[in-house]
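Scroll down for the structure; my scribbles are underneath it.
The values are calculated or read from the model by the stated rules, or taken from the named source; none is laboratory data. Computed from a predicted model, the values in this text were never measured in an experiment. For neighbour counting, all protein chains shown are included, and Cβ atoms are generated from backbone atoms with ideal geometry for every residue, glycine included. Just the protein is used for accessible areas: all its heavy atoms, side chains included, with ligands, DNA and RNA removed. Shrake-Rupley method; radii C 1.70, N 1.55, O 1.52, S 1.80 Å.
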Amino acid sequence: MAIASKLTSIGIIAFSFAIGILSLYYFSDLTKDEKKKHLEELLSQIINFVLLIWLGKIILNISGFLSDPLSILAYPSDSKVFYFAIVFITVLLLYKAKRKNLHMLPLFKSFAHFFLISSFVYEFIQFMIKDNRYAFGQLLLLAVLIGVFFFLRERIKVTILLMVIVAVWSAGMIILGFMQPFITVFGYLMAPWFIVLFFVASMLGLTFKLRIDDI
């Protein structure tokens, strides 16, 4: 029963990701070559993120892994593992930006598109099919963000667009955190302090980039 539940959760996430990728391919304002490049990079980082989640499960449960590795690998990932993967995928992206001249802003814009659509699909399934009433607030938040994203993406700088998306998403998630017992991202519990930290780090980085572009 537990295995079936886990496989169902993985299937819902995979389906949501697939819709996000298809949306990026068909509705992005990128050129054909840019779409191909961004999709390849996005898929690469999704794979890296999954691998980091597995690595995090091992490192954060190293004593249990050494004594019974199968039980740790089979155990569902928690929020700490999710935080671990986010931190290290960020470090990896910063390394690629520094060493391989990866242009981060266009990639982040594509990621924002992918994240908003896939998150919306995930929360829609949670609310409509899984009957999770706590998904409704986030569903509304994501619907607003998707509208804002598509309305502003060709009207303002990418940096400003990302700042707006991050600010509204973070504020919305924090408000939801006060209104309901918990908030999640793809089923992973999100602590308010992590949302605040994500907001501050993202805004500082985007502000720094904006100032450099204006020099």
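Odds and ends about this structure:
- Extension gain from residue 157 to residue 207, taking 0.36 nm per residue of separation minus the Cα-Cα distance: 16.8 nm
- Surface composition of the chain: carbon plus sulfur atoms contribute 72% of the solvent-accessible area (1.4 Å probe, protein chains only, all chains present).
- For the pair region 30-56 / region 108-144, the C-alpha centres are spaced 20 Å from each other.
- Judged by the gyration tensor of its Cα atoms, with axes a ≥ b ≥ c, region 126-215 is oblate; a/c meets the 1.5 cut and b/c is at least as large as a/b.
- Pairs exceeding a 19 Å alpha-carbon distance, out of 32/157; 35/109; 32/96: 32/157; 32/96.
- By the rule of a C-alpha distance below 16 Å, with chain neighbours fewer than 8 residues away ignored, the lysines paired with residue 80 are 57.
- Ligands, DNA and RNA are left out, and with a 1.4 angstrom probe the accessible area of region 44-202 is 56 Å² per residue.
- Residues with amide H under 5 Å from that of residue 184, placed H, sequence gap 5 or more: 190
- In plain terms, the chain from residue 60 to residue 33 could stretch by 5.7 nm, reckoned as 0.36 nm per residue minus the Cα-Cα distance.
- A straight Cα-to-Cα reach below 16 Å connects residue 130 with the lysines 6, residues fewer than 8 places away in its own chain not being considered.
- Net charge contributed by nearby residues that have their C-beta within less than 15 Å of residue 35 (K/R +1, D/E -1): 0
- The 3J(HN,Hα) values that the Karplus relation (6.51, -1.76, 1.60; θ = phi - 60°) gives for region 170-181 are, in residue order, 4, 4, x, 5, 5, 4, 4, x, 7, 8, 9, x Hz. Gly and Pro appear as x.
- Option label - semi-axes √(5λ) of the Cα gyration tensor in Å computed here, alternatives (1) 46, 20, 15; (2) 28, 22, 18; (3) 35, 19, 14: (2)
- Where only DSSP H runs of four or more residues are counted, the chain gives -28000 deg cm²/dmol as its mean residue ellipticity at 222 nm, each run worth -39500 (n - 2.57).
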